[in-house]
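Undergrad: Here it is, the structure, as structure tokens.
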Amino acid sequence: MPRAESSIYSQEVVGSPAKTQGTKAEARQREGDGILDGSIRTFVLRSGRITEAQRRAIERFGPKYLVPFTGAPLDLNALFLEKKHIVVEIGFGMGQATWKIAQTRAQFNYLGIEVHTPGVGRLISDLESHGLENVRIIQHDAVEVLKTMLPAESIAGIHIFYPDPWPKKRHHKRRLMQEAIVALMAAKLEVGGYLYFVTDIEEYASYAKASLDSCGALKNQYEDYAPHQAWRPETKFEHFAKGSGRGIFELLYIKR
Ligand SMILES: C[S@@+](CC[C@H](N)C(=O)[O-])C[C@H]1O[C@@H](n2cnc3c(N)ncnc32)[C@H](O)[C@@H]1O
């Protein structure tokens, strides 16, 4: 989706400044609890317009690709026609990287998680027009999906591309790459599985790196930032970031 629709631009309406009481560690603990119990969310649901084509794609082909949120552990292999290792993408936006990766790295099955309805419609339409059978979608808060539906050590990879950076300090508690969510993601990865994160916001990159480094179950695959992984296609965000002269920061960690 265009950057201007992203939730970082609607954050003024989403909450009052956090009251800081006690130590920083206590504040982090409170925020971690809030993000895991759903009282703090990493997104704001936008009323973004859905096109006729996106609406039709959901109506006609939704039953084939959409997995309902149940809050109960999933038999992940049962979702796909062929048994393969499963990679989860959190916040796929319009799904442009999702279907392209599913096409070129077809040795994996993919589970995309996104709350934004136009993006879900667009991805379903692209999956159908490219005949891709190795992608399924859950339209729900990824934190809840991770917590309740994905069994421990059940997935081979996690992709997080250009998540909302929530730049204001009082909104850091909404960031996807905070310690509590990183620990949850790590718990769902198989041993040897990977977490691949990309952003164009340097401050968010170093915040994410600190969270990943603090997770004992994960190990940085590189000394510092990762090089571009050739199989990841450029998204609109990336094109825009490069055009504006911003750097691209990538992190690749492996489950020990
Ligand atoms: C800034 S966009 C990036 C989209 C895409 N990854 C890209 O590179 O173009 C971030 C997306 O993450 C989604 N998102 C944020 N938190 C989420 C969550 N907890 N569960 C599902 N989707 C989430 C938002 O709805 C938004 O579409």
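The values are calculated or read from the model by the stated rules, or taken from the named source; none is laboratory data. All figures in this text were calculated on a predicted structure; none of them were measured in a lab. Quick reminder, even Gly has a Cβ in these numbers, built from the backbone with ideal geometry, and neighbours come from all protein chains shown.
Undergrad: Taking the options Gln178, Gln103, name whichever one is touching a residue at least 60 places away in the same chain (Cβ under 8 Å) and not aliphatic (A, V, I, L, M).
TA: Step by step, each of Gln178, Gln103 is checked, and only Gln178 is touching a residue at least 60 places away in the same chain (Cβ under 8 Å) and not aliphatic (A, V, I, L, M).
Undergrad: Evaluate the following for Ala183: is it touching a residue at least 24 places away in the same chain (Cβ under 8 Å) and closer than 17 Å to Leu212 by Cα?
TA: It is true that Ala183 is touching a residue at least 24 places away in the same chain (Cβ under 8 Å) and closer than 17 Å to Leu212 by Cα.
Undergrad: Scan the range 215-256 for residues that are over 19 Å from the mean Cα position of the chain (by Cα), more than 19 Å from Gly157 (Cα to Cα) and hydroxyl-bearing (Ser, Thr, Tyr) and jot them down.
TA: Scanning the range 215-256 gives a single hit, Ser244.
Undergrad: If I go through the range 16-33 residue by residue, how many of them are surrounded by 14 or more Cβ atoms within 10 Å (Cβ to Cβ) and either among the aliphatic types (A, V, I, L, M) or at pLDDT below 80 (or both)?
TA: 3
Undergrad: Cβ contacts < 6 Å: first residue farther than 17 Å from Ala183 by Cα, restricted to the range 22-44; second residue within 14 Å of the ligand (Cβ to nearest atom) and modelled with pLDDT under 80, any location; separation 6+ or different chain. Result?
TA: Phe43/Ser7; Val44/Ser7; Val44/Ser10; Val44/Val14
Undergrad: Of the conditions (1) more than 14 Å from the ligand (Cβ to nearest atom); (2) free of Cβ contacts under 8 Å to residues at least 40 places away in the same chain; (3) not polar (S, T, N, Q), Lys84 satisfies every one except a single condition; which number is it?
TA: Going through the list (1) more than 14 Å from the ligand (Cβ to nearest atom); (2) free of Cβ contacts under 8 Å to residues at least 40 places away in the same chain; (3) not polar (S, T, N, Q), Lys84 breaks only (2).
Undergrad: Leu111 is checked against (1) surrounded by 15 or more Cβ atoms within 10 Å (Cβ to Cβ); (2) of a type in the set (A, V, I, L, M, F, W, C); (3) assigned to a helix (DSSP H, G or I) and fails just one. What number does that condition carry?
TA: Going through the list (1) surrounded by 15 or more Cβ atoms within 10 Å (Cβ to Cβ); (2) of a type in the set (A, V, I, L, M, F, W, C); (3) assigned to a helix (DSSP H, G or I), Leu111 breaks only (3).
Undergrad: Take Arg246 and tell me if it is basic (Lys, Arg) and in contact (Cβ under 8 Å) with a residue 60 or more places away in the chain.
TA: no
Undergrad: Which residue is surrounded by the fewest Cβ atoms within 10 Å (Cβ to Cβ), if the candidates are limited to the range 34-92 and must be aromatic (Phe, Trp, Tyr) and within 23 Å of Glu153 (Cα to Cα)?
TA: Phe69
Undergrad: Taking the condition more than 12 Å from the ligand (Cβ to nearest atom), among the small types (Gly, Ala, Ser) and closer than 28 Å to Ala27 by Cβ, does Ala187 pass?
TA: Yes, satisfied.
Undergrad: Yes or no: Ser154 over 30 Å from Gly121 (Cα atoms) and not aliphatic (A, V, I, L, M)?
TA: No; evaluated as a whole, the condition is false for this residue.
Undergrad: Among Thr98, Thr117, Thr104, which is the only one that is at pLDDT 95 or above and more than 12 Å from the ligand (Cβ to nearest atom)?
TA: Thr104 is the lone residue from the list that is at pLDDT 95 or above and more than 12 Å from the ligand (Cβ to nearest atom).
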